[in-house]
Amino acid sequence: MNSSPWWKEATIYQIYPRSFFDSNGDGEGDLPGVTSKLDYVKSLGVDAIWLSPFYTSPNKDGGYDVANPRDVDPRFGNLEDAKELIAQAHQRDLRVIADIVPNHFSDQHVWFQAALKAGPGSKERERFHFYDAHADGTPPNNWISIFGGPSWTQVEDGQFYLHLFDSSQPDLNWENPEVNADFEKTLRFWIDLGVDGFRIDVAHGLIKEDVLTNHPDPQGLSDALRLDVAMDFEKRNALLLTVPFFDRQGVHEIYKKWRKLFDSYGDREIMAVAEAWVHPPVNATRYVRADELHQVFNFDLLTADFNSDVLFGVVERSISLNATVNALPTWALSNHDSPRVASRIGDEQARALALFVFGLPGSTYVFAGQELGLPDGQLQDSDRQDPMFFRSNGPSKGRDGARVPLPWSGETTPFGFSTGKPWLPISQSWKDFTVEHELTDPKSSLHLYKNALELRKEFLVGAGGITWLGSSRHGSKEDALLSYSRGPITVVMNLSDSVQECDTAGKLLIVSGANVDARDGKKLIPALSTAWFLA
Ligand code: NOJ
């Protein structure tokens with residue numbers, strides 16, 4: 001076996017299949033569409049793709065409502081298409097990560113349908129969390145779903161079932177051994193089909209405690225869990241320590257078993273990355289102890305301000321916490337659940353931050369379209385499909401903006417994504433964001449990503465830790481520059497909106513903004529830019 005496994009410092013490209021490329025003109029992306037674009041993916045310089053769910057699903061929550069985890073939804077193709085995608089990816093030396101959803105099934109899964117039929121007290125109901133109503137007819141407890149509204153839905157015979165997300169996503173009961181057995185079967189199914197790893201959805205949610213107990217402040221808890229709700233920092237942190245359905249000790253027992261399963265595939269080096277929003281942050285490291293999972297997402301950069309104080313803190317904390325369990329951090333600026341980074345912090349800032357992050361140790365995740373510098377799509381409410389929008393009755397606009405399909409080519413929407421009508425409209429204003437257009441422009445975001453990922457591979461993968469440079473006041477808001485060295489490279493980010501001088505020696509390798517000039521032996525770092533120098 002290789003001394004450094006493939007995933008350790010990989011760049012992983014997240015594909016939301018419905019929005020990637022439509023091969024059959026029905027307006028939705030599909031697996032053959034992904035396969036047909038693998039040369040493009042490879043050309044970015046990434047090591048692996050992570051595919052958001054493509055399993056049989058009524059698609060109430062973008063496929064995270066899985067009706068059959070061991071089959072492909074006809075909207076995306078079929079199992080042969082999945083095999084072909086994996087084979088074609090492997091031919092190009094790209095690994096494939098599947099997205100597994102163990103916290104809940106769709107209400108259309110055969111188990112849930114059987115549970116509805118079998119009635120109260122049946123073994124079919126024990127696979128989920130079914131309970132009787134209180135004597136006054138109210139639900140078993142007062143929890144609020146992550147998407148808004150009650151966490152419980154009543155069925156015809158009067159019992160309620162628990163769903164932390166949409167009512168179409170009943171939570172599984174992981175105390176029931178049948179559930180683990182079924183998931184192990186699913187893991188093996190996809191590994192045997194060729195996948196190289198898994199992204200584990202809601203990895204921290206599988207075990208619930210005190211399911212019949214009320215929370216003292218359910219609305220506060222629900223707001224604390226929603227990043228779009230402003231809340232006092234201390235108050236949020238205090239509430240997040242009281243979540244009864246996340247990060248229970250029992251989840252770790254599950255991942256220890258799964259690790260053995262992964263390791264049983266030996267030099268295939270099957271990996272898993274946990275989606276675990278946990279609090280306090282040190283708890284995330286438990287998921288990556290040597291006998292558990294390989295990586296855990298670090299979500300801090302999805303919300304961090306473009307400010308040296310904040311960014312220094314996030315990077316420093318993530319590296320040092322992971323080091324306590326001998327793991328490397330992960331970095332992500334965008335994903336299918338959050339606003340795109342270019343919209344959130346600005347276009348130039350997003351380029352600068354990407355270049356800053358690509359130099360860091362650990363794995364980096366790139367959400368398809370991020371390399372183009374795509375902003376969020378501007379949508380009418382009538383276009384929206386996310387249950388988060390519907391269940392919150394409007395105040396949360398949901399996540400559709402980040403899921404608008406990719407613009408590939410041509411001058412007119414839908415820019416080669418589909419010959420049909422795309423499932424979400426692509427604005428005509430995206431004309432200059434197409435892959436085709438950006439390939440012709442050496443200053444484009446696409447070229448920046450490609451060049452940076454190539455340099456990262458050449459100089460930085462395996463280069464060890466970082467040393468912060470410059471001001472000893474890192475963490476102070478006045479710091480316009482944030483800078484570190486790693487291996488032979490010095491990375492300097494200018495967060496201010498004016499040119500800044502710095503003493504860095506070495507040859508300029510790449511810069512995210514305008515050119516770097518020199519004056520009196522000093523380098524002039526352009527506003528809102530990151531530059532890499534080679535010693
Ligand atoms: C996290 C996924 O990323 C998100 O898209 C989904 O809605 C929830 N988990 C529920 O599965």
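The values are calculated or read from the model by the stated rules, or taken from the named source; none is laboratory data. What you see is a predicted model; the values in this text were computed from it and never measured. Note that each Cβ is placed from the backbone with ideal geometry, even for glycine, and that neighbours are counted across all protein chains shown. We work out accessible area using only protein heavy atoms, side chains counted, and drop any ligands, DNA or RNA first. Shrake-Rupley method; radii C 1.70, N 1.55, O 1.52, S 1.80 Å.
Structure notes:
- Rounded to the nearest 0.05, the FRET efficiency derived from the C-beta distance between R92 and H134 at R0 = 45 Å is 0.20.
- Probe 1.4 Å, accessible area per residue of the chain, Å²: 39 Å²
- Mean separation of Cα contacts under 8 Å, 6 or more apart, over the residue count of region 222-349: relative contact order %: 19 percent
- Based on alpha-carbon atoms, the Kirkwood radius and the radius of gyration of region 4-80 give Rg/Rh equal to 1.01.
- Burial ranking of peptide ranges 397-406, 317-326, 132-141 (average Cβ count within 10 Å, highest at the top): 397-406, 317-326, 132-141
- Stretch gain in nm, segment A518-A505, where the contour uses 0.36 nm per residue and the Cα spacing is subtracted: 3.6 nm
- Accessible surface of region 198-306 [probe 1.4 Å, protein heavy atoms]: carbon and sulfur percent: 53 percent
- When the C-alpha to C-alpha distance is required to be over 23 Å, the pairs from K42/K83; K185/K260; K421/K450; K117/K185; K443/K523; K8/K37 that qualify are K421/K450; K117/K185; K8/K37.
- What a 1.4 Å probe finds exposed on region 413-472 is 56% carbon and sulfur by accessible area, rounded to a whole percent.
- Figure legend: label point modelled 7 angstrom from the Cα of K257 along Cα→Cβ; residues of region 149-192 with amide N under 16 Å from it are 172-189.
- Pair-distance distribution P(r) for region 306-407, from all Cα-Cα distances in 10 Å bins starting at 0: 14, 38, 29, 17, 2 percent.
- Label-to-label distance for D497 and E184 is 5.8 nm, based on points extended 7 Å past Cα in the beta-carbon direction.
- The radius of gyration of the Cα set in region 174-247, together with its Dmax, comes out at 16.9, 48 angstrom.
- Model label sites at E209 and A323, defined 7 Å from Cα along the beta-carbon direction, differ in position by 3.1 nm.
- The chain - convex hull of alpha carbons, volume per residue in Å³: 145 Å³
- With coordinates expressed along the principal axes, the C-alpha atoms belonging to region 389-535 extend over 56, 39, 33 Å, beginning with the largest.
- Chymotrypsin sites (Phe, Trp or Tyr not before Pro) restricted to region 243-278 and DSSP loop, no more than 15 other C-beta within 10 Å: Y265
- Placing dummy labels 7 Å off each Cα toward the beta-carbon, the span from K421 to Q154 is 3.9 nm.
- Overall form of region 237-365 per C-alpha gyration tensor (a/c, 1.5; a/b vs b/c): prolate
- Among the GluC sites (Glu not before Pro) found in region 446-535, those both in a DSSP coil and sparsely packed, with 15 or fewer other Cβ atoms within 10 Å of their Cβ, are E478.
- Translational diffusion coefficient (Stokes-Einstein; Kirkwood radius from C-alpha pairs) of region 452-535 at 25 °C, 0.890 mPa s, in µm²/s: 188 µm²/s
- Stretched out straight at 0.36 nm per residue, the stretch from Y265 to A290 would grow longer than its current Cα-Cα span by 7.3 nm.
- Between D217 and S3, the contour length at 0.36 nm per residue exceeds the Cα-Cα span by 72.2 nm.
- Nearest 10 degrees, 0 to 90: helix 445-455 Cα axis against the chain principal axis: 80 degrees
- Using the Cβ-Cβ distance between L241 and D305 with R0 set to 30 Å, the FRET efficiency works out to roughly 0.80.
- Cα long-axis angle, helix 347-358 against the chain (0 to 90 degrees, to the nearest 10): 90 degrees
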